[in-house]
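Report on the following structure.
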Amino acid sequence: MAYTKIHAIKATVDKTIEYICNPDKTDEQIYISSYACAHETVAINFKYTLDHCRENRPNKAYHLIQAFAPGEVGYEEAHRIGKELADKILEGKYSYVITTHIDKGHIHNHIIFLIEVLELRNRLSDIQQEAIYFRGCYDSVGYLKKAAIL
């Protein structure tokens, strides 16, 4: 069965991006995609936004993890499902980077995104409520892909 979880990044976004983009985990970066930014420069872009375009907030970014049971989906399908989830959650308004890690016994996606606009930031102020929203998005994407939902 698949699951998703989300947590706020309160310290260094660049370290998290470095971790999720590790070539050893992403088949030499084959399974990395991004929206409204280049994955090669996403850490720089996000840092600029954090330094210049936002007031100082405790949550720098958000890290969503989407994991699948062993054998449930292939690498490409997991990556495609993750991109669809990010697009549905962020509604094409916010930049993100997504990676699919294939180095463990289970395939899993990492999605990092900033909260750049007041509307979404307010929505995410209650992380538990947002987990319910993400679950609904994931359920609809997972249902379309016939992936199991936990």
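The numbers here are math on the coordinates, done by the rules we state, and not lab data. Everything numeric here is computed off the predicted structure, so don't read it as measured data. Don't worry about glycine lacking a Cβ; one is built from the backbone with ideal geometry, like all the others, and counts go over all protein chains shown.
Using a Debye calculation, one point per C-alpha and no hydration shell, please list log10 I(q)/I(0) for region 24-75 at q = 0.14 Å⁻¹ in order. Relative scattering, expressed as log10 I(q)/I(0), comes to -0.56. Each residue of region 80-94 was assigned a 3J(HN,Hα) from its phi angle through the Karplus expression (A = 6.51, B = -1.76, C = 1.60, θ = phi - 60°), giving 5, 4, x, 5, 5, 5, 4, 4, 5, 5, 8, 6, x, 9, 10 Hz with x at Gly and Pro. Sorted ascending by nearby beta carbons within 10 Å, beginning with the fewest, TYR62, TYR19, TYR31, TYR48 become TYR48, TYR19, TYR31, TYR62.
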